[in-house]
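Asks: There's a structure below that I have some questions on.
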Amino acid sequence: TDWIKGGAGMEVSTIVVAALLLGGLGLVFGGVLAIVSKVFSVPADPVFDAVREALPGANCGGCGFSGCDAYARAVAEGKAGVSQCPVGGAEAAKRIAAVMGVDAARMERKVAVVMCRGDVEKCRLRFRYDGPADCRSALLAGDGDKACRYSCLGGGDCEKACPFGAIHVNENRLAVVDEEACRGCGVCVSACPRGVLALMPVEHPVHRMCSAMERGKVVRDNCSAGCLGCGKCERSCKFGALKLVNLLPEIDLSKCVGCMCCADNCPTGALKANEALRRHAVIRYGECIGCGACEAACQFGAIAGTAGQPHSVIEWNCVGCGACERACPQHCVQMVKNTN
């Protein structure tokens, strides 16, 4: 019995020693960690914190940085502008500018645009594809089943990538953008292996709806909605804003006046007009002195009148280019949005 008691006592003392040893080691390591954290601690940066607070936290990369933290750090260090967050938009830029004590540059809202109309009803299918339902996998199967090698494959890579639910693939395997929900972050643009998505200003008068850099016959054989490269759009533009580049229309938005003649003259609908921006000229009759400056500036025969008498607009000829408004010395010509 004494031996048993002695053994139990030794066991208890061993446990106590072990517990004290572990406790001591814990205190030592805790102290070391406290010292290390103190030595290598990063001082709080109130500017970074304030900028970060102004950001939406989407971490989409649309600003050009890996996420909101990286962008906020770059702004706080003076390495990035205050107006680079497409998701936060003008409101976020205003708040960040206030933190940094600068003026926010005007932000032009952009949205994703699908430059393709080649759904399965318009674009011929070459074979039946039964592989994984994503665009990158479909590309590995003979460059996709759609006959046009520039078409939207409809696998939904863009839809899966969009952090805002602003893009979906419809029942005919074509990506469709909800402009109201789109924040212009560009994630879908990066996700598309075909390159049929692009960011465009939301106030764009016209954008192209095709990406096929092919001759007209090839396009016609593959897709009924493709750009034929016929050049009617280029010839219809009286302002030098549109040129055919690699058989596709390229629009210089700095020259585009929003007349939309290029889209109106496209035989296949490969150019889309922003109907919300349609407008026409109105002359305030009582203020017009009949100088004829507006009539001389109009290239569409949309203004008529006698010298010295108030002029009027021939509405069915007016394309809304605004040349008359810019030419009027009396400032009595006004461009108004179409109501029909």
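Asks: Here are some conditions: (1) of a type in the set (Val, Ile, Thr); (2) over 25 Å from Ser151 (Cα atoms); (3) part of a loop (DSSP other than H, G, I, E, B); (4) more than 23 Å from the chain's Cα centre (by Cα). Val282 meets all but one. Which one does it not meet?
Replies: All conditions pass for Val282, except number (3).
Asks: Within the bounds of the range 131-145, is there any residue that is in contact with a Lys or Arg (Cβ under 6 Å, 6 or more places away or on another chain), modelled with pLDDT of 95 or more and either open to solvent by 60 Å² or more (accessible area, probe 1.4 Å) or among the aliphatic types (A, V, I, L, M) (or both)?
Replies: no
Asks: Right, something else. For the range 215-258, give me each residue that is of a type in the set (Asp, Glu) and within 24 Å of Ala112 (Cβ to Cβ).
Replies: Taking the range 215-258 first, the residues of a type in the set (Asp, Glu) are 221, 234, 250, 252.
Matches in the range 215-258: Glu250, Asp252.
Asks: Search the range 188-224 for residues being of a type in the set (Gly, Ala, Ser) and surrounded by 22 or more Cβ atoms within 10 Å (Cβ to Cβ), and hand back the single one that is nearest to Cys60 (Cα to Cα). Even if it seems obvious, please write down each step before you answer.
Replies: Taking the range 188-224 as the starting set, the residues that turn out to be of a type in the set (Gly, Ala, Ser) are 190-191, 195, 198, 211-212, 216, 224.
Now narrow it down to the ones that are surrounded by 22 or more Cβ atoms within 10 Å (Cβ to Cβ): 211-212.
Numbers: Ser211: 26, Ala212: 29 Å.
So the residue we want is Ser211.
Asks: Here are the criteria: (1) open to solvent by 70 Å² or more (accessible area, probe 1.4 Å); (2) within 30 Å of Glu121 (Cα to Cα); (3) among the hydrophobic types (A, V, I, L, M, F, W, C). Tell me which single one Trp316 does not satisfy.
Replies: (2)
Asks: Something else about it: Kindly provide the set of residues from the range 63-79 that are open to solvent by less than 20 Å² (accessible area, probe 1.4 Å) and in a loop (DSSP other than H, G, I, E, B), ordered by number.
Replies: Keep residues of the range 63-79 that are open to solvent by less than 20 Å² (accessible area, probe 1.4 Å), which gives 67-68, 71-72, 74-75.
If the condition is that a residue be open to solvent by less than 20 Å² (accessible area, probe 1.4 Å) and in a loop (DSSP other than H, G, I, E, B), then Gly67 is the only one that fits.
Asks: Further question on the same structure: For the condition part of a loop (DSSP other than H, G, I, E, B), under 28 Å from Ala191 (Cα atoms) and open to solvent by less than 30 Å² (accessible area, probe 1.4 Å), what is the one hit in Cys60, Cys85?
Replies: Values: Cys60 fails: open to solvent by less than 30 Å² (accessible area, probe 1.4 Å).
Testing whether each residue is part of a loop (DSSP other than H, G, I, E, B), under 28 Å from Ala191 (Cα atoms) and open to solvent by less than 30 Å² (accessible area, probe 1.4 Å) leaves just Cys85.
Asks: So which pairs qualify, if the first residue must be in the range 207-222 and under 13 Å from Leu247 (Cβ atoms), the second must be open to solvent by less than 60 Å² (accessible area, probe 1.4 Å) and aromatic (Phe, Trp, Tyr), the Cβ gap must be under 8 Å, and the two must be at least 6 apart or on different chains?
Replies: Qualifying pairs under 8 Å: Cys210/Tyr150; Ser211/Tyr150; Ala212/Tyr150; Met213/Tyr150; Glu214/Tyr150.
Asks: So how many residues does the range 319-334 have that are open to solvent by 30 Å² or more (accessible area, probe 1.4 Å), touching a residue at least 40 places away in the same chain (Cβ under 8 Å), within 14 Å of Cys259 (Cβ to Cβ) and outside any loop (DSSP other than H, G, I, E, B)?
Replies: 1
The values are calculated or read from the model by the stated rules, or taken from the named source; none is laboratory data. Since we're looking at a predicted model, the values are computed, not measured. All Cβ positions, even for glycine, are placed from backbone atoms using ideal geometry, and neighbour counts span all protein chains on display. With ligands, DNA and RNA removed, areas are computed over all heavy atoms of the protein, side chains included. Shrake-Rupley method; radii C 1.70, N 1.55, O 1.52, S 1.80 Å.
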